[in-house]
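> So that we are looking at the same thing, I have put the structure below in structure tokens.
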Amino acid sequence: MCRERIKKQDQFDNLDKHMQWGIEFVERYNKFVKDRTDIEINYAKQLRNLSKKYQPKKNSREEEEQKFTSCRAFQTLLNEMNDYAGQHEVIAENMSGLIFAELARYIQELKQERKMHFQEGRRAQQHIESCWKQLEASKRRFERDCKEAERAQQHFEKMDADLNVTKADVEKARQQALTRHQMASDSKGEYCSILQSFNKEQHEHYYTNIPNIFQKIQDLDERRIVRIGDSMKTFSEVDRQVIPIIGKCLDGITKAAESIDEKNDTQLVIEAFKSGFEQPGDVEFEDFSQTMKRTVSESSLSSSRPDGKQDSKSGKSKGKLWPFIKKNKGSGPEDFSHLPPEQRRKKLQQKIDEINKEIQKESDQRDALTKMKDVYIKNPQMGDPNSVDPRLAEIGQTIEKLRQESQKFEAWLAEVEGRLPAKTDQGRRQSEMYELQSSAVNNCAQDRESSPDGSYTEEQSQDPQLKVAAQNEFDDEFDDEEVLASIGTCKAMYPFEGQNEGTITIAEGETLSVIEEDKGDGWTRVRRNEDEEGYVPTSYVEVYLDKSVKGAMTYI
């Protein structure tokens, strides 16, 4: 009996340990859901930051890139990724609300119910143990009373058989024996009653109470297992619910990729960078087999006289032609005249649009101030109307300046588009031609390579059409240019044939006048007979400057 009771107690403790493990398992699973939620939140945050990082900046070149279909597709991809991140936030939110929060509450209920069932089991165990102790005590008392009654009976019989014992002693012994027998009888009755009660309690304990408690614990554990399974299903459904929306995001990215039009993008590049120049004509054959100075073809950028001598005016313009102008490293002239026609037109139109925006902005400010002044006039207590006048005057002056600027650029635009005759300022153009003259010499040194036989190569990127356009314009502009004075003489050490514009042909041993010394680009400007001038390689001549005749400077 005692062994069986110990076995039951052992199983009860094992169940208690198992239920504690079950609760800890639910807590571990809920911690997993919480970690997954944190991952989804961080992932969504990182996706949003990534999308924001690559969004085009305002007032930057990236906004202009949106005209290309590939850039617009990338913009769509960024927007879809932002929506994609939103779906991961939905996953995190649903997991947090539908699983984590619910399981956290369920775990508390599970702990309370487990505690209640095991407290009830312990009370039942304590009750049956108490009944068992009571039964044992009654049994020991009944055993003790029986032994004492047996001893009293033996004592009485001994006294009754002894002739020397008085009758009174015998009677006393008989009364004690009767009393002990009565006590034994009472103990027996009590023991029987307690035994019956214990057997009843024990039967109820092992067949009713404990099985009921175990059943409740089993039901609790089964509900825990079912709840875990339902949570796992919810875990899957939370992801499954956003799959259609994520699919739409991915479909949007695919559609954006398919919308990319390479022909359209390249055409935009052509429209943005086309120069507007006409294409050059065919280059004529030049015959060098004749024992005479070569005749420059009509397609050449230079002009020659019938007698074989270069015209003095055209000679002056050599070295100042368009192809020799250095690429502008700064912002360029205000009218963008350094740009090709089509590029110039676009820049002028862009400048006009910017000025018009500024005018509109200032006009809006003026309208707002005018309304404020009207309010002050109608309600003097709100402010002094005259306090607005200085700002209105300042805005008016700003608008007038902007309008003048706009008219100036519109005139240049009309000039480019051929709507108005070209308006040239002789003084400004003379200054520009002087700058072209200086940059031409420098660019010659950068864009060509000299060789001892007098030949050189031009940079392939030079546009012949630019040379033709420049020749036509510069020949007219330099008709009245002042002739440069001679600053020394030079003697040719090698023959050199000027095969391109801005250069001059010299023979070995020939003496010429120096009108401009080498500026560090490897070319010296010389003149022959006051009517022909141009550039020759400095390494081909020995230069004698007037200021240092005694110590002749030789460039080799």
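The values are calculated or read from the model by the stated rules, or taken from the named source; none is laboratory data. Given the structure is predicted, the values throughout are model-derived calculations rather than measurements. FYI the Cβ positions are ideal-geometry reconstructions off the backbone, even for glycines, and counts take in every protein chain you see. Each accessible area value is taken on the protein alone, full model and side chains, heavy atoms only, with ligands, DNA and RNA left out. Shrake-Rupley method; radii C 1.70, N 1.55, O 1.52, S 1.80 Å.
> Quick check, is M116 aliphatic (A, V, I, L, M), at pLDDT 90 or above and assigned to a helix (DSSP H, G or I)?
yes
> What pairs come up if the first residue lies in segment 242-253 and is more than 17 Å from A92 (Cα to Cα), the second is part of a helix (DSSP H, G or I) and open to solvent by 70 Å² or more (accessible area, probe 1.4 Å), and their beta carbons are under 6 Å apart, counting only those six or more places apart or on different chains?
What qualifies is C249/D83.
> Determine whether E501 is charged (D, E, K, R), open to solvent by 20 Å² or more (accessible area, probe 1.4 Å) and either within 56 Å of the chain's Cα centre (by Cα) or modelled with pLDDT under 90 (or both).
So E501 does not fit the description; no.
> So C490 fits all but one of (1) buried (at least 18 other Cβ atoms within 10 Å of the Cβ); (2) modelled with pLDDT under 90; what number is the exception?
All conditions are met except number (2).
> Continuing with this model, one more query. Tell me which of these L78 doesn't satisfy, since it passes every other one: (1) touching a helix residue (DSSP H, G or I) at 6+ places or on another chain (Cβ under 8 Å); (2) open to solvent by 50 Å² or more (accessible area, probe 1.4 Å); (3) of a type in the set (A, V, I, L, M, F, W, C); (4) free of Cβ contacts under 8 Å to residues at least 60 places away in the same chain.
Single failed check for L78: (2).
> Something else now. Which of (1) surrounded by 15 or more Cβ atoms within 10 Å (Cβ to Cβ); (2) over 30 Å from E271 (Cα atoms); (3) not small (G, A, S) is the odd one out, the single condition K408 does not satisfy?
Against the list (1) surrounded by 15 or more Cβ atoms within 10 Å (Cβ to Cβ); (2) over 30 Å from E271 (Cα atoms); (3) not small (G, A, S), K408 comes up short only on (2).
This table checks each residue for (1) open to solvent by less than 90 Å² (accessible area, probe 1.4 Å); (2) in contact (Cβ under 8 Å) with a residue 12 or more places away in the chain.
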position: Q11; (1), (2): no, no
position: K57; (1), (2): no, no
position: N82; (1), (2): yes, yes
position: E89; (1), (2): yes, yes
position: L98; (1), (2): no, yes
position: M116; (1), (2): no, no
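> So E62 passes all but one of these: (1) surrounded by 13 or more Cβ atoms within 10 Å (Cβ to Cβ); (2) at pLDDT 90 or above; (3) over 30 Å from L98 (Cα atoms). Which condition number does it fail?
So the condition that E62 fails would be (2).
> Follow-up. Considering only residues that are under 49 Å from the mean Cα position of the chain (by Cα) and either closer than 16 Å to T398 by Cα or exposed (fewer than 11 other Cβ atoms within 10 Å of the Cβ) (or both), which ones fall in segment 372-388?
Hit for segment 372-388 is V388, nothing else.
> For segment 167-189, state whether one or more residues are charged (D, E, K, R), in contact (Cβ under 8 Å) with a residue 60 or more places away in the chain and open to solvent by less than 80 Å² (accessible area, probe 1.4 Å).
No, that holds for no residue.
> When you go through E362, E342, E354 one by one, which is the residue that is within 39 Å of the chain's Cα centre (by Cα), within 19 Å of W412 (Cα to Cα), acidic (D, E) and crowded, with 16+ Cβ neighbours inside 10 Å?
Numbers: E362 fails: within 19 Å of W412 (Cα to Cα); E354 fails: crowded, with 16+ Cβ neighbours inside 10 Å.
E342 is the lone residue from the list that is within 39 Å of the chain's Cα centre (by Cα), within 19 Å of W412 (Cα to Cα), acidic (D, E) and crowded, with 16+ Cβ neighbours inside 10 Å.
> For segment 334-354, which residues satisfy the criterion of being touching a residue at least 24 places away in the same chain (Cβ under 8 Å) and closer than 11 Å to S406 by Cα?
Those that are touching a residue at least 24 places away in the same chain (Cβ under 8 Å) and closer than 11 Å to S406 by Cα: L348, Q349, K351, I352.
> Give the number of residues within segment 196-222 that are in contact (Cβ under 8 Å) with a residue 12 or more places away in the chain and open to solvent by 40 Å² or more (accessible area, probe 1.4 Å).
Of the residues in segment 196-222, 5 are in contact (Cβ under 8 Å) with a residue 12 or more places away in the chain and open to solvent by 40 Å² or more (accessible area, probe 1.4 Å).
> For the condition modelled with pLDDT under 55, small (G, A, S), in a loop (DSSP other than H, G, I, E, B) and surrounded by 11 or more Cβ atoms within 10 Å (Cβ to Cβ), what is the one hit in G319, G332?
The match here is G319.
> Restricting to segment 525-541, and then to whatever is out of contact with any strand residue (DSSP E or B) (no Cβ under 6 Å at 6 or more places or on another chain) and not in a helix (DSSP H, G or I), can you tell me which residue is least open to solvent (accessible area, probe 1.4 Å)?
E532
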